[in-house]
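Q: Once you've had a glance at the structure underneath, I'll fire off some questions.
The values are calculated or read from the model by the stated rules, or taken from the named source; none is laboratory data. Bear in mind the structure is a predicted one, so any value in this text is a computation, not a measurement. Cβ atoms come from the backbone with ideal geometry, glycine included; neighbour counts cover every protein chain shown. Side chains included, ligands, DNA and RNA excluded: accessible areas come from the protein's heavy atoms. Shrake-Rupley method; radii C 1.70, N 1.55, O 1.52, S 1.80 Å.
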Amino acid sequence: MAPQFNAIDRKAGCLPIEAYGVLGDGRTIALSGADGSLDWWCVPNMDSPPLFDRMLDPAAGGYFALSPRDLVRVERQYRPHSNVLETTVYTVAGVARITESLNSG
């Protein structure tokens, strides 16, 4: 069963660790929040300076977000045998699915 989040509450700029999904390509990782925010990503390698670093500095750190309005529930799961993360967002107005993967060429 996919993890479900009914209330997503940021404390000190971060989500609870269980509300993050990990996207990776073998060189770096990104942390994707259940609320639609990409809060951490060092590019192009793990030891590079972070492009998104909201987890370290909530006020000035960078992030990218696709955040729904009137959020009711979020379900997340990885596709079997892959690093592809699927997030299903339920709102008052409808349902949307976000598919995320970090790939390098």
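Q: State the number of residues belonging to region 55-64 that are open to solvent by less than 40 Å² (accessible area, probe 1.4 Å) and modelled with pLDDT of 90 or more.
A: 1
Q: Keeping to region 66-84, report how many residues are touching an Asp or Glu at 6+ places or on another chain (Cβ under 9 Å) and modelled with pLDDT under 90.
A: Number satisfying all stated conditions: 3.
Q: Given 72, 89, which one is open to solvent by 30 Å² or more (accessible area, probe 1.4 Å), in a strand (DSSP E or B) and of a type in the set (A, V, I, L, M)?
A: 72
Q: Is it the case that residue 25 is at pLDDT 75 or above, in contact with a Ser or Thr (Cβ under 9 Å, 6 or more places away or on another chain) and surrounded by 15 or more Cβ atoms within 10 Å (Cβ to Cβ)?
A: In short, no.
Q: Another question, if that's okay. So residue 45 passes all but one of these: (1) free of Cβ contacts under 8 Å to residues at least 40 places away in the same chain; (2) under 19 Å from residue 99 (Cβ atoms). Which condition number does it fail?
A: Single failed check for residue 45: (2).
Q: Just to be sure I understand the filter: pairs with C-beta atoms under 6 Å, separated by 6 or more residues or on different chains, first member in region 48-60 and under 18 Å from residue 29 (Cα atoms) and in a loop (DSSP other than H, G, I, E, B), second member open to solvent by 50 Å² or more (accessible area, probe 1.4 Å) and not charged (D, E, K, R). Which pairs pass?
A: Hits for this filter: 54/63; 55/40.
Q: In addition: So which residues in region 7-22 are part of a loop (DSSP other than H, G, I, E, B), in contact (Cβ under 8 Å) with a residue 12 or more places away in the chain and exposed (fewer than 13 other Cβ atoms within 10 Å of the Cβ)?
A: Within region 7-22, just 12 meets the criteria.
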